[in-house]
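Enquirer: First the structure, which I've put down as structure tokens, then a few questions once you've had a look.
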Amino acid sequence: MRLPRAQLAALLLCLFASPVLAQPAPSRGAARSQPEAAQRPAARPAPAAPRRSALRPGPAEQPSARPRATAGRPGAQPSREQPSGARRPGSQDRASRAAPQRPAKRPDSAARSGGTAPRLARPAARERAPARPTERPAARPVPRATPAPVPAAAAASGLLAAQSALPEERRERRPLAGPFLPAPAASGEAARCEERLRPLRNLEGFGYYLDPAFSRPDARRLAMDLEAAKPLREWLAQVQGALARHRKGEAGAAACALAAMDHWARNDALLGAVNLQGNYHRAWALAGASLSFLALREAPGLEPPRLRRVSEWLAAVARQVRPRHDRPSEALISDVRNNQAAWAGLAVAAAGVAAGDRALLDWGVERLRNQLVQVDERGALPQELRRGAMALHYHLFALDAVAALERLAAVNGITLSEEERAAYRRLRDFSAAAAREPERMQALAGVPQADPFLGPEEQPLSRAAGLEISLVVMPDPALDAALAPFRPYVSAWLGGAVTGWWKPDPAPMAGDAAGGAPVPPQPAAAEPPAAGALPAPAAEPPAIPVAVPPATPPSADAPSAAPPLPAP
């Protein structure tokens with residue numbers, strides 16, 4: 001069969017044109033790279049060490065250390081093992097997915113040709129293999145020096161400083177023991193409480209001594225100071241009157257005493273503006289209030305919120321008392337070292353026991369140790385010997401605080417060293433001997449002793465509550481017999497009734513005579529007298545008479561609750 005010539009030409013044209021039509025059209029990037037790839041041989045071997053030309057070579061002239069699938073980059077050359085014309089469609093995308101790289105900058109060839117490089121998507125970060133751990137040589141053990149033993153006093157001071165540096169909410173809080181024996185069980189119906197007294201927030205006292213030895217009081221300024229501190233004495237008399245009824249077994253009496261203290265705690269009493277003399281009154285009142293609280297806090301039926309509020313208030317007042325006695329002082333008579341420091345220590349320590357704050361207790365015990373380290377070989381306190389005619393008065397007054405502080409420390413597991421115990425005994429024995437024979441103190445002080453705060457018929461032993469407390473730990477038959485006519489002892493600043501209420505020491509101090517005097521029997525607690533009642537003062541030295549309104553002289557059955565009024 002013969003085909004016409006025109007049909008035969010069309011058939012041949014279709015046969016020759018089919019391979020060209022079947023080949024896919026190259027991409028834009030590949031079309032640009034094909035002329036460059038065609039100018040060099042396909043199988044040219046890579047140079048061993050490429051030379052760096054003085055002129056910057058173009059992207060087509062830069063040798064590649066290893067072939068990369070970079071067909072998608074503008075101006076990049078294809079793999080040398082495979083010509084660009086043999087690529088299959090889609091191989092460019094698979095190559096870019098298989099080897100993600102950072103997009104290269106625009107090549108110089110594309111810049112010279114005026115072409116626009118396509119913007120590629122940033123590939124995902126390449127997963128890095130985990131680094132191998134570097135083995136370090138083991139460090140040589142450094143020999144540590146054995147620390148020197150720390151003295152007990154230094155360790156206690158360091159513990160006190162660490163506790164004081166902590167915030168209030170992080171300080172150590174644990175139950176601390178009080179120094180008093182428990183009261184008998186209450187019976188009968190609860191009596192009504194007395195009307196609560198107005199809280200005293202601010203206190204401005206008046207210093208009343210005129211001479212550098214603080215031994216001659218001015219009558220007018222003394223009367224002004226007594227009037228300024230009268231609300232404190234009335235409030236303590238109300239609290240300790242209820243405490244005395246509680247110790248007799250009266251139902252509800254402890255709740256009345258706590259209510260009177262809680263009323264002052266709610267109103268932030270004693271936390272306002274207080275001057276120097278007012279701070280002394282605040283410390284004495286804090287000592288009496290804190291010890292009274294320790295005597296009644298274990299009574300059944302008391303409200304826990306009131307107990308907590310009062311204890312926290314006592315601790316807050318104690319923190320206001322401390323700064324005055326923490327400062328450095330080189331004065332001959334200084335309240336950093338004399339009886340005022342001992343009373344501040346007692347007040348802060350008793351408040352610390354009430355609040356369960358060990359740091360406050362330790363601060364007070366540190367003041368006790370500072371007093372005992374000053375006792376000389378004769379048993380005297382040099383700070384109080386400088387008080388001239390009042391040296392005996394202030395030895396007994398300092399001993400009151402020292403004896404009470406020692407009991408607070410002992411019942412909470414703090415013991416004195418042998419040197420401190422010996423100093424305590426020397427101070428007690430010297431004070432007792434001088435109270436019975438004032439000429440002994442006159443021989444050391446250089447002037448006759450005259451106490452304007454004693455009544456005409458009163459003797460120094462009638463105000464010696466510290467001697468009574470010392471018999472609990474250091475029995476002495478002769479001293480016990482000398483104190484018997486003046487019992488029961490009562491002191492507002494020692495918590496009220498003293499005789500028979502302080503816990504005895506199961507192990508008396510070394511040096512006590514075997515079979516010493518037993519602890520005085522516990523009498524019925526005496527009622528404190530009316531608030532503000534002060535003993536009539538004795539005649540003052542001729543130069544300065546003291547005019548204080550007369551008061552009912554104390555008796556053995558109802559001693560005055562108003563303690564002597566010392567000054568710095």
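Enquirer: Leaving ligands and nucleic acids out of the surface, order Glu418, Glu234, Glu303, Glu468 by accessible area at 1.4 Å, largest first.
Expert: On the way: Glu418 125, Glu234 60, Glu303 95, Glu468 5 Å².
Ranking Glu418, Glu234, Glu303, Glu468 by accessible area, largest first, yields Glu418, Glu303, Glu234, Glu468.
Enquirer: Under a 1.4 angstrom probe, counting protein chains only, how are Thr499, Thr415 ranked by accessible area, largest first? Let's see the in-between values first.
Expert: Numbers: Thr499 5, Thr415 105 Å².
Of Thr499, Thr415, the descending order of accessible area is Thr415, Thr499.
Enquirer: Which peptide among 239-247, 190-198 comes first, and what is the full order, when sorted by highest mean count of other Cβ atoms within 10 Å? Don't skip to the end; give the middle numbers.
Expert: On the way: 239-247: 25.1, 190-198: 12.8.
By packing density, highest mean first, the sequence is 239-247, 190-198.
Enquirer: Give me the accessible area per residue for the range 270-410, probe 1.4 Å, as a whole number in Å². Could you put the intermediate results ahead of the total?
Expert: Values: 3920 Å² over 141 residues.
Solvent-accessible surface per residue comes out at 28 Å².
Enquirer: Of all accessible surface on the range 340-409 at a 1.4 Å probe, what whole percent is carbon and sulfur? Spell out each step's value before the answer.
Expert: On the way: 550 of 1150 Å².
Carbon and sulfur together cover 48 percent of it.
Enquirer: Could I ask something else about it? When Lys and Arg each count +1 and Asp and Glu each count -1, what net charge do the other residues less than 14 Å away from Met224, Cβ to Cβ, add up to? Working shown, then result.
Expert: Working: positive: Arg220, Arg221, Lys230; negative: Glu204, Asp218, Asp225, Glu227.
Once positives and negatives cancel, what remains is -1.
Enquirer: Work out from phi, with θ = phi - 60° and the Karplus expression 6.51 cos²θ - 1.76 cosθ + 1.60, the ³J(HN,Hα) of each residue of the range 232-241, listed in order in whole Hz, and give x for Gly and Pro.
Expert: Once θ is set to phi - 60°, the couplings for the range 232-241 become 5, 5, 5, 5, 5, 5, 5, 5, 6, x Hz.
Enquirer: Quick check: from the Cα gyration tensor, does the range 318-465 come out rounded (a/c under 1.5), prolate or oblate?
Expert: prolate
Enquirer: Same structure again: Starting from the amide H of Val490, placed 1.01 Å from N in the peptide plane, find each other amide H under 5 Å away whose residue is 5 or more places distant or on another chain.
Expert: Amide H neighbours of Val490: Val498.
Enquirer: Right, here's the next one. Using a 1.4 Å probe over the heavy atoms of the protein chains, calculate the carbon and sulfur portion of the accessible area of the range 218-261 as a whole percent.
Expert: Working: 690 of 1290 Å².
With neighbouring chains kept in place, the figure for the range 218-261 is 54 percent.
The values are calculated or read from the model by the stated rules, or taken from the named source; none is laboratory data. As the structure is a computational prediction, the values presented were derived from the model and not from experiment. When we count neighbours, we look across all protein chains shown, and the Cβ atoms used for this are built from the backbone with ideal geometry, even at glycine. These accessible areas exclude ligands, DNA and RNA; they are computed on the full protein's heavy atoms, side chains included. Shrake-Rupley method; radii C 1.70, N 1.55, O 1.52, S 1.80 Å.
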